[in-house]
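Encoded as structure tokens, the structure appears first; notes follow it.
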Amino acid sequence: MKYIFGNWKMYLNTQQSIDLAREFAQLVQDGDGVEYAVFPNTLAFYDVAAELKNSPVATGAQNVGWTPQGAYTGSTSAFMFSDAGAKYALVGHSERRHVFGETNEDVRKRLEASIDVGLTPVLCIGETKEDRDADKTEYRLKKQLLKAFENLSLNGNRVIVAYEPVWAIGTGDACVPEEAQRVINLIKQEIKQYVDTDVPVLYGGSVSADNVVSYVSLPDIDGVLVGGASSKAESFMTLINNAISA
């Protein structure tokens, strides 16, 4: 099984999101051994989920609150997204960590909240340019995995991990495929210390139609988490077609 996930971030308004979801519902074909999902913004989520309900494309939340309900102004809980039809939830995306200041402890709470309501969390981890330059990539990833997985109860649910080097997000400077393969192999070995089930690991970071094959054709890379290229039907469909032909 390969995974092709599209994070629409804050690129599209509600009508644009609906139109794009409608196109995907018509264009994406089932039965090719690929699991698809898109992550629209919160305002557009319900309408996008409705458009994709009978298609091969699932929907996910870009971020989730860790309390089910209550006096938490501006937050939308994992339970609420699950109730609205979400299958997945991004947890710990680099922009949440580095723009909004979310800590490893915050990420752990969101991870547990997602699992508790039956969402499949997509745990995002990655090193900064400073970490990389200081040869601390392995240290940073192991610390993030420890905080996320230590004594974590999956309760029979899945977790997916996305390796997204922060220095590659939205920069056009994608990680060299062989380096991504090496790091993802390291991540998989590290995860085995905490859980006794296989955890798919995706690559994310300036993935495009031009380079996607170089990632998904490698043995340890189970798919891709795509950013900007997923917010336009033509570029995302080209990426998908290239990936499934690899």
Original post:
Assuming GLY70 fulfils every condition listed in (1) under 19 Å from GLY118 (Cα atoms); (2) surrounded by fewer than 22 Cβ atoms within 10 Å (Cβ to Cβ); (3) of a type outside the set (Phe, Trp, Tyr) apart from one, which condition is it?
Top reply: (1)
Subject >> Residue pairs meeting the criteria (Cβ under 7 Å; at least 6 apart or on separate chains; first in contact (Cβ under 8 Å) with a residue 40 or more places away in the chain, in segment 112-131; second of a type in the set (Gly, Ala, Ser) and in a loop (DSSP other than H, G, I, E, B)) >> reply: LEU119/ALA86; CYS124/GLY92; ILE125/GLY92
**OP:** Could you check MET80 against (1) of a type in the set (A, V, I, L, M); (2) part of a loop (DSSP other than H, G, I, E, B); (3) more than 30 Å from SER217 (Cα to Cα); (4) touching a strand residue (DSSP E or B) at 6+ places or on another chain (Cβ under 9 Å) and say which number it fails?
**Re:** (2)
Subject >> LYS192 touching an Asp or Glu at 6+ places or on another chain (Cβ under 7 Å) and surrounded by fewer than 23 Cβ atoms within 10 Å (Cβ to Cβ) >> reply: no
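Consider TYR72 carefully, then state whether it is over 19 Å from LEU239 (Cβ atoms) and either in a helix (DSSP H, G or I) or of a type in the set (Lys, Arg) (or both).
Answer is no for this residue.
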Original post:
Residues in segment 46-54: is at least one of a type outside the set (Ser, Thr, Tyr), closer than 15 Å to LYS87 by Cβ and not in a helix (DSSP H, G or I)?
Top reply: yes
**OP:** Could you tell me whether any residue of segment 113-128 is touching a His at 6+ places or on another chain (Cβ under 9 Å), part of a strand (DSSP E or B) and at negative phi?
**Re:** yes
**OP:** Only one of these is touching a residue at least 24 places away in the same chain (Cβ under 8 Å) and assigned to a helix (DSSP H, G or I): GLN189, GLN181. Name it.
**Re:** GLN181
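Which of the residues that make up segment 56-93 are among the polar types (S, T, N, Q), over 30 Å from ASP32 (Cα atoms) and touching a residue at least 12 places away in the same chain (Cβ under 8 Å)?
Going residue by residue through segment 56-93, those that are among the polar types (S, T, N, Q) are 59, 62-63, 67, 69, 73, 75-77, 82.
If we keep only those that are over 30 Å from ASP32 (Cα atoms) as well, we get 67, 69, 73, 75-77.
THR67, THR76, SER77 - these are the residues of segment 56-93 that are among the polar types (S, T, N, Q), over 30 Å from ASP32 (Cα atoms) and touching a residue at least 12 places away in the same chain (Cβ under 8 Å).
Since every read-out is calculated from the coordinates, none of them should be taken as a lab result. This is a predicted model, so every value here is computed, not measured. Using ideal geometry, Cβ is built from the backbone for each residue, glycine included, and neighbour counts are taken over all protein chains shown.
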